[in-house]
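Q: Encoded as structure tokens, here's the structure I'll be asking about.
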Amino acid sequence: MSSGFSELRGAGLIAVRGEDAIAFLHAQLTSDVAALAPLQTQYSGYCTAKGRVRATFLLWRTHDEVTLQLPETLRAELQATLARYVLRSRVQLSPATDAVRLFGVWGSDAPDVLRHVLGNVPGAAHELLVSGAMRVARVPVDRFIVAVTADEAEPVRRALRSDMPEEPEVAWSRHEIEAGIPAVLRESQDRYVPQMLNFDLIGAVSYTKGCYPGQEIVARMHYLGRLKERMYRIHVPGPHAPVAGDALYSPDFGPEQASGSVLYAAPSDDGFDALAVIQTSSARSGALHWKALEGPAVQLESLPYPVPD
């Protein structure tokens with residue numbers, strides 16, 4: 001994998017502080033937040049009462065706060081939603097997007113470059129390194145997110161540029177797709193239970209933690225249900241970009257009923273890569289088409305973790 005970096009301008013941040021911050025988030029989100037140790041990150045989500053995912057997060061835990069990273073387009077809405085449930089908890093929610101800049105860094109040279117720029121790097125996936133106001137998280141698969149104050153952003157950018165190319169943010173999205181990390185955008189809110197987005201395969205949902213919004217439905221799907229849809233990585237050849245919500249079709253469902261839909265996409269060398277939620281039977285057949293049954297053929301690509309049938 002060639003090395004590079006992008007500024008993550010589309011990411012939003014919510015800072016959660018206070019004596020009850022961990023307990024509060026543990027009771028609201030899908031993951032086992034109580035098990036999230038200081039200086040670690042964790043994937044998570046927020047569900048509606050019907051067990052449908054409304055937002056996806058990367059949680060950053062330092063010694064005195066948890067930061068929720070999610071698409072900036074959803075940040076204000078989700079912060080307001082969570083704030084309604086604070087009640088008497090000793091918790092403060094505040095936007096952190098304007099005060100912090102994020103850079104995504106990838107490639108075989110990334111560890112050496114970051115050591116040169118920052119002095120050190122986290123050694124394992126989901127490890128978080130804090131140095132003053134700077135934070136560096138290592139995320140799957142061997143990628144890094146660097147969080148710096150707005151004042152430090154340009155010096156860090158110049159230092160990274162001296163060793164690797166800066167690319168548009170969609171390059172980071174492509175690597176998120178390759179890593180199989182779901183991102184719920186407005187077009188896909190309230191459509192999928194966590195397992196359809198492979199939350200159970202990336203440590204973003206717990207079945208033993210207790211109650212949270214939608215927990216009964218999520219648990220019922222795990223213990224009693226048969227999951228018929230899963231998230232897969234696909235490739236759409238050609239010059240036209242798929243967008244979130246685009247339908248996928250397959251012969252086993254016919255021309256009238258979609259057998260899947262796109263979560264998000266990013267350009268690749270000869271087309272576009274995307275994550276999509278697809279009927280497992282259609283994924284097994286491998287005969288998938290974009291937008292219509294007679295539309296462009298879609299290729300299934302591998303993910304870094306096995307997806308059950």
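Q: Tell me, what ³J(HN,Hα) does each residue in region 284-298 have, in order and in whole Hz, if you take phi through Karplus 6.51 cos²θ - 1.76 cosθ + 1.60 with θ = phi - 60° and put x for Gly and Pro?
A: My calculation for region 284-298 gives 5, 5, x, 9, 10, 9, 8, 6, 7, 4, 9, x, x, 5, 9 Hz in order.
Q: Same structure, new question: Per-residue ellipticity at 222 nm for the chain, helices alone: DSSP H runs ≥ 4 residues times -39500 (n - 2.57), over residue total, nearest 500 deg cm²/dmol? Display every interim value, and only then the final one.
A: Numbers: 7 runs with 62 residues, N = 309.
So the helix-based figure for the chain works out to -5500 deg cm²/dmol.
Q: Cα-based Rg (one decimal) and Dmax (whole number) for region 147-241, in Å?
A: In Å, with Rg to one decimal and Dmax whole: 18.7, 54.
Q: Same structure, new question: Could you calculate the FRET efficiency of A80 with K50 from 1/(1 + (r/R0)^6), where r is the beta carbon distance between them and R0 is 25 Å, rounded to 0.05?
A: 0.80
Q: Could you give the semi-axes, largest first, of the ellipsoid that matches region 184-309, computed as the square roots of 5 times the alpha carbon gyration tensor eigenvalues and rounded to whole Å?
A: They are 27, 15, 13 Å, listed from largest to smallest.
Q: Same structure, new question: Cα centroids of region 1-78 and region 255-289: how far apart, whole angstrom?
A: 27 Å
Q: Work out how far the C-alpha atoms of region 19-153 reach from end to end along every principal axis, then list the three figures in whole Å, largest first.
A: 45, 29, 27
Q: Peptides 54-60, 246-252: what's the order by average Cβ count within 10 Å, highest mean first? Intermediate values should be presented prior to the final figure.
A: Values: 54-60: 23.3, 246-252: 19.9.
Packing order, densest peptide first, comes out as 54-60, 246-252.
Q: Rounded to the nearest 0.05, what FRET efficiency is calculated for R88 and E152 with R0 set to 22 Å and r the Cβ-Cβ distance?
A: Calculated transfer efficiency: 0.05.
Q: In nm, what is the difference between 0.36 nm times the number of residues separating A125 and L227 and their Cα-Cα distance?
A: 33.9 nm
Q: Follow-up question, since we're still on this one. Below 8 Å between Cα atoms, with a sequence gap of 6+, how large is the relative contact order for the chain in percent?
A: 20 percent
Q: What net charge do the residues around L197 carry, taking every other residue with its C-beta under 11 Å from that of L197, with Lys and Arg at +1 and Asp and Glu at -1?
A: Taking every Cβ under 11 Å from that of L197, the sum is +1.
Q: What does the charge add up to near P168, with Lys and Arg as +1, Asp and Glu as -1, over the other residues with Cβ less than 11 Å from its Cβ? Walk me through the numbers on the way to the answer.
A: Numbers: positive: R9, R174; negative: E7, E166, E167, E169.
Local net charge: -2.
Q: Subtract the Cα-Cα distance of R17 and A287 from 0.36 nm times their separation in residues, and report this length gain in nm to one decimal.
A: Details: separation 270, 0.36 × 270 = 97.20 nm, distance 4.84 nm.
Residue separation times 0.36 nm, minus the Cα-Cα distance, leaves 92.4 nm.
Q: Hey, with R₀ at 30 Å, roughly what FRET efficiency would H240 and A99 work out to, going by the Cβ-Cβ distance, to 0.05?
A: In this case the efficiency is close to 0.20.
Q: Provide Rg over Rh for region 42-103; use the alpha carbon set for both Rg and the Kirkwood Rh (inverse mean inverse pair distance).
A: 0.95
Q: So how long is each side of the chain along the principal axes, counting just the alpha-carbon atoms, biggest first, in Å?
A: Taking max minus min along each principal axis of the Cα atoms, the chain gives 57, 49, 29 Å.
Q: While we're here: Using a basic spin-label model with each label point 7 Å from the Cα along Cα→Cβ, how many nm lie between E301 and E169?
A: Simple spin-label model gives 2.1 nm for this pair.
Q: Of the residues G45, G254, G107, which exhibits the maximal mean-square fluctuation in a Gaussian network model of the chain defined by a 10 Å Cα contact cut-off?
A: G254
Q: To check my understanding: the extent here is largest minus smallest coordinate of the Cα atoms along each principal axis. What are those three numbers for region 240-308, in Å, largest first?
A: Answer, in whole Å and largest first: 30, 29, 18 Å.
Bear in mind these aren't lab numbers, they're just calculated from the coordinates by the rules spelled out. In this text the structure is predicted, and so the values were computed from the model without any measurement. All Cβ positions, glycine included, derive from the backbone under ideal geometry; neighbour counts span all protein chains shown.
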